[in-house]
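What follows is a single structure, written as structure tokens, with notes after it.
Nothing in this text is a laboratory measurement; each read-out follows from the coordinates by a stated rule. Just so it is clear, the structure is predicted and the values come from calculations on it, not from any experiment. Please note: Cβ atoms are built from the backbone with ideal geometry, for glycine as well, and neighbour counts cover all protein chains shown.
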Amino acid sequence: MEHVIEIDHLTKNYGKNRGVEDVSLTVDKGDIFGFLGPNGAGKSTTIRSMLGFLKFKSGSIRILGMDSVKDHEEILKNVGYMPSEAWFYMTMKVSDAIKYAADIRKLDCSEEAAMLCERLKVDTNRKIKELSLGNRKKVSIVCAMQHKPKLFVFDEPTSGLDPLMQKTFFELIEEYVNKGTTCLLSTHVLSEVNKYCKHAAIMREGRLTMLDSPKIDDDEFLNYYL
């Protein structure tokens with residue numbers, strides 16, 4: 001099986017503050033991989049190290065067969081990343097923000113973006129500053145998906161989305177994965193992992209525990225947290 005993500009003994013410290021310690025993880029092509037853990041567990045630090053946004057102390061990371069440090073720019077061309085914070089230029093129109101994300105990649109994503117906006121009920125005529133958190137999240141999803149990347153990396157994507165939009169979001173993920181995309185889903189929502197993920201791991205206090213199965217009950221889930 002082809003590994004899309006290979007993390008080998010990743011360690012990243014923030015001085016006296018905890019980062020991540022000796023994290024090793026592989027994600028296979030076509031997987032929807034659940035990356036569970038409470039806030040502050042180290043999920044975002046791991047993701048930002050993967051994408052070359054953070055320098056790490058030791059270990060190695062390969063994404064789509066490329067080195068996360070040396071091939072940072074090429075990796076980002078093939079990844080759809082949605083950070084936990086949906087930040088945009090607040091005075092921009094939604095349509096301009098989506099086009100800007102495509103223009104950075106020097107791609108015409110207008111057809112795919114139109115499909116995504118229709119499915120997610122995105123009003124492209126409004127300004128970003130007029131949107132609720134949930135609607136900004138939907139714009140961020142469109143920006144991450146519109147170039148049809150080989151790998152999705154979503155960091156807490158469903159917070160702020162209503163249940164119908166959450167369902168639509170996961171339907172879209174499954175459609176892309178069926179066409180060959182891989183997805184890393186960082187979340188603290190157990191039900192999402194149980195329902196949609198093929199494999200999963202839990203981060204706790206900067207360390208990672210692989211799960212034999214993503215189907216775990218609430219009591220077992222709490223045991224990993226405590």
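Residues with beta-carbon under 11 Å from that of S95, excluding S95: net charge, scoring Lys, Arg +1 and Asp, Glu -1?
Result for the local shell: +2.
The D212 and K57 beta-carbon pair, evaluated with R₀ = 22 Å, returns a calculated FRET efficiency of approximately 0.15.
Between S159 and D108, what is the FRET efficiency for a Förster distance of 35 Å, r being their Cβ-Cβ separation, to the nearest 0.05?
Using R0 = 35 Å, I get an efficiency of 0.70.
For the chain, the dipole from Cβ point charges (+1 on Lys and Arg, -1 on Asp and Glu) about the Cα centre works out to 760 debye, to the nearest 20.
Projected onto their three principal axes, the Cα atoms of the chain cover extents of 45, 41, 38 Å, largest first.
The relative contact order of the chain comes to 28 percent, based on Cα pairs under 8 Å that sit 6 or more residues apart. The trypsin sites (Lys or Arg not before Pro) of the range 47-150 that meet both conditions, a loop assignment by DSSP and at most 15 other Cβ atoms within 10 Å of the site Cβ, are K55, K57, K70, R105, K106, K121, R126. Take the Cβ atoms of K148 and R126, set R0 to 22 Å, and the FRET efficiency comes out at 0.30.
Residues whose amide H lies under 5 Å from that of G19, counting only those 5 or more places away or on a different chain, are Y14; hydrogens are built 1.01 Å from N in the peptide plane. Scanning residues 5 or more positions from H199 or on other chains, those with amide H under 5 Å from its amide H are I32, G34, with H placed 1.01 Å from N in the peptide plane. The label point for E205 and the one for E2, both projected 7 Å from the Cα toward the Cβ, are 4.0 nm apart. Qualifying GluC sites (Glu not before Pro) in the range 27-107, where qualification requires a DSSP coil assignment and no more than 12 other C-beta atoms within 10 Å, comprise E85. Peptides 169-176, 36-43, ordered by how many other C-beta atoms sit within 10 Å of their residues on average, highest first, read 36-43, 169-176. Among residues other than D162 whose Cβ falls under 12 Å from its Cβ, what is the net charge (Lys/Arg +1, Asp/Glu -1)? Cβ neighbours under 12 Å give a net charge of +4. Taking every Cα-Cα distance in the range 140-216 and sorting them into 5 Å bins from zero, the calculated P(r) comes out as 3, 13, 26, 26, 18, 10, 3, 0 percent. Label sites at L133 and K195, each approximated as a point 7 angstrom past Cα along Cα to Cβ, lie 1.9 nm apart.
Rounded to the nearest Hz, the phi-derived 3J(HN,Hα) couplings of the range 199-206 under the Karplus curve 6.51 cos²θ - 1.76 cosθ + 1.60 (θ = phi - 60°) are 9, 7, 9, 10, 9, 8, 6, x, where x marks glycine and proline.
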